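Report on the structure given below.
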Amino acid sequence: MSEKHVKKTADGTEEITVGTPEETAAEDLKETESPDDTAAKNKAAEDNKKGADSAKEDEKSGKSEKADAAIKDLVERAKLEAKKKDDQIADLTDRYKRTLAEYENFRKRTEKEKSDIYAYAVKDVLTKILPVADSFERGLAAVPDDEKDGAVAKGMEKIYKQFQKTLSDIGVKPIEAEGKPFDPNYHNAVMHVEDDSLGENVVAKDLQKGYTYKDTVIRHSMVQVAN
Amino acid sequence: MSKIIGIDLGTTNSCVAVMEGGQPTVIANSEGARTTPSVVAFTKTGERLVGEPAKRQAVTNAANTISSIKRKMGTSEKVTAGGKSYTPQEISAMILQKLKADAEAYLGEKVTEAVITVPAYFNDAQRQATKDAGRIAGLDVKRIINEPTAAALAYGLDNEKDQTIMVYDLGGGTFDVSLIEIGDGVIEVKAVNGDAHLGGDDFDNAIANYMIQDFKNKEGVDLSKDNMALQRIKEAAEKAKKEEGAVYCDNDEHQPSVHHGSQWRAETFRHGSDTCKVR
């Protein structure tokens, strides 16, 4: 259709120099008469009429130029639309890929966290139970000499031993601190003392036992450091 | 594309978080804690410690342990530690580096961009110093945001109706109060005040002093003279502060071993501020 149009306009342009657009239109009608393309022919006829009309009004700029511009405009707009859609697709694809990657990372991290949760939970509960061990230690240390062999003191000792064994079976170990070189990864220094009998930066006293659970420190030793 | 991390570079403690699926998530450090002490230390063996390990050896190595460096940001005051001299930005950068490393370990990818918060009363020099610290740590600091503003944003208050809000920030070392106005999605800090030397530690001390006083009254013994007992009191005081409501510090916490089996008990009530004066 557009071809025909273009042909016509081409002819029209040529024809204008020779004759009037009206004559051109009439001639073209004769040429393109095809029985199976009546609708197109009619449309074409209408277009020609319109073209003829506007050409009548617009003597300088021919129907051809206007049509040309109209087509160019349509094509440009179509191209712009397509580009807009392409951009949209690119943006959505990018966002989708990002979300997928983020999801993948999240999934991996959650899996790791899930397998760590047991260890975290145990660590958390143990940390809360440790003060009981502290009390046992302090209590037993405070028993006066004359009561040390008494039933209560002995009983306490047995219970404390059972407690220690239970902890050790779980994987909890006390941190050996006294006399060892101070290590901030295992010890928490709360006091400082000058003592010539000890080396430099050595743990002078273990004020509160520290404990490890498997490989991690669940409570640091509270220590007094010398020099 | 790398993720941007959000950092609260505090006077006493720092915190780092990241947005995941539109929700902020605080990142635990290499020790498993959600906040990292803003402490840097240089050991006698030339090792550099940042965070919890640095805090744990502060008592034995006070001369080479640096805390509260935020108070010096924006000044040209240098600190000497481990035989060298550092600017506040360089020390802050060491803290930021640790936070960056912890974030990268958590995310499993490199981190290059960050947003850092500062107090609303920070001046240009202090803000620039914070940005510089980020740069030294290898971070492109996209924004410096005011702390109370960040708090308001975290609660989504910029999406609610226009309102005026008071933000109380009681931190480890400072108490900052800000009055902010929210209107048309814009947050503006109208006024700031507070106490730059009031923080959690002061509360611990007040409770500890109360306990010492109480024991003195009941048993006639001044525990402040006994370093070991004092240490345990400090720990118990901090624990009591953290637990809300009435707290019992039983004889289990103190003294059977040091004070001949005497038993002692102190009660710290949440509303008992008349007995626990802070200032």
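Rule-based calculations on the coordinates, nothing more; no lab input. Since we're looking at a predicted model, the values are computed, not measured. All Cβ positions, glycine included, derive from the backbone under ideal geometry; neighbour counts span all protein chains shown.
Would it be correct to say that B:A150 is aliphatic (A, V, I, L, M) and surrounded by 16 or more Cβ atoms within 10 Å (Cβ to Cβ)? For B:A150, the condition - aliphatic (A, V, I, L, M) and surrounded by 16 or more Cβ atoms within 10 Å (Cβ to Cβ) - is met.
Residues that are more than 12 Å from chain B (Cβ to nearest Cβ), closer than 30 Å to B:T25 by Cα and either surrounded by 15 or more Cβ atoms within 10 Å (Cβ to Cβ) or more than 46 Å from the chain's Cα centre (by Cα) (or both) occur in segment A:102-125; there is at least one.
Being touching a His at 6+ places or on another chain (Cβ under 9 Å), surrounded by 10 or more Cβ atoms within 10 Å (Cβ to Cβ) and not in a helix (DSSP H, G or I) is a property that holds for A:A177. Taken as a whole, the structure places A:T99 among residues that are part of a helix (DSSP H, G or I), within 14 Å of chain B (Cβ to nearest Cβ) and over 30 Å from A:G210 (Cβ atoms). Being small (G, A, S) and either farther than 19 Å from A:G210 by Cβ or more than 10 Å from chain B (Cβ to nearest Cβ) (or both) is the filter here; which residues of segment A:140-157 pass it? Selection gives A:A142, A:G150, A:A151, A:A153, A:G155. Check segment A:163-181 and report whether any residue there is touching a residue at least 24 places away in the same chain (Cβ under 8 Å), within 18 Å of A:T127 (Cβ to Cβ) and within 13 Å of chain B (Cβ to nearest Cβ). Taking every residue of segment A:163-181 in turn, at least one turns out to be touching a residue at least 24 places away in the same chain (Cβ under 8 Å), within 18 Å of A:T127 (Cβ to Cβ) and within 13 Å of chain B (Cβ to nearest Cβ). Considering only residues that are under 22 Å from A:R138 (Cα atoms) and either facing chain B (nearest Cβ under 8 Å) or not in a loop (DSSP other than H, G, I, E, B) (or both), which ones fall in segment A:193-212? Within segment A:193-212, A:V203, A:A204, A:K205, A:D206, A:L207, A:Q208, A:Y211, A:T212 qualify. Among the residues of segment B:197-225, those identified as farther than 30 Å from B:K72 by Cα and crowded, with 17+ Cβ neighbours inside 10 Å are B:Y210, B:M211, B:I212, B:D214, B:F215, B:V221, B:L223.
To keep it simple, each residue is scored yes or no on (1) within 12 Å of chain A (Cβ to nearest Cβ); (2) under 19 Å from the mean Cα position of the chain (by Cα).
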{"site": "B:R34", "(1), (2)": "no, yes"}
{"site": "B:E47", "(1), (2)": "yes, no"}
{"site": "B:T60", "(1), (2)": "yes, no"}
{"site": "B:A63", "(1), (2)": "yes, no"}
{"site": "B:Q97", "(1), (2)": "no, yes"}
{"site": "B:Y106", "(1), (2)": "yes, no"}
{"site": "B:E113", "(1), (2)": "no, no"}
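The listed residues are B:A17, B:A41, B:A54, and the only one of them that is among the small types (G, A, S) and surrounded by fewer than 23 Cβ atoms within 10 Å (Cβ to Cβ) turns out to be B:A17.
Checked against the criterion of being surrounded by 10 or more Cβ atoms within 10 Å (Cβ to Cβ), facing chain B (nearest Cβ under 10 Å), free of Cβ contacts under 8 Å to residues at least 40 places away in the same chain and over 30 Å from A:G171 (Cβ atoms), segment A:81-95 contains one or more residues that satisfy it.
For segment B:53-88, the set of residues classified as without any contact (Cβ under 8 Å) to a residue 40 or more places away in the chain, more than 25 Å from A:V202 (Cα to Cα), assigned to a helix (DSSP H, G or I) and among the basic types (K, R) consists of B:K72 only. Quick one: in segment A:129-139, which of the residues that are within 13 Å of another protein chain (Cβ to nearest Cβ) and of a type outside the set (D, E) is nearest to B:A229 (Cα to Cα)? Across segment A:129-139, the extreme among qualifying residues is A:R138.
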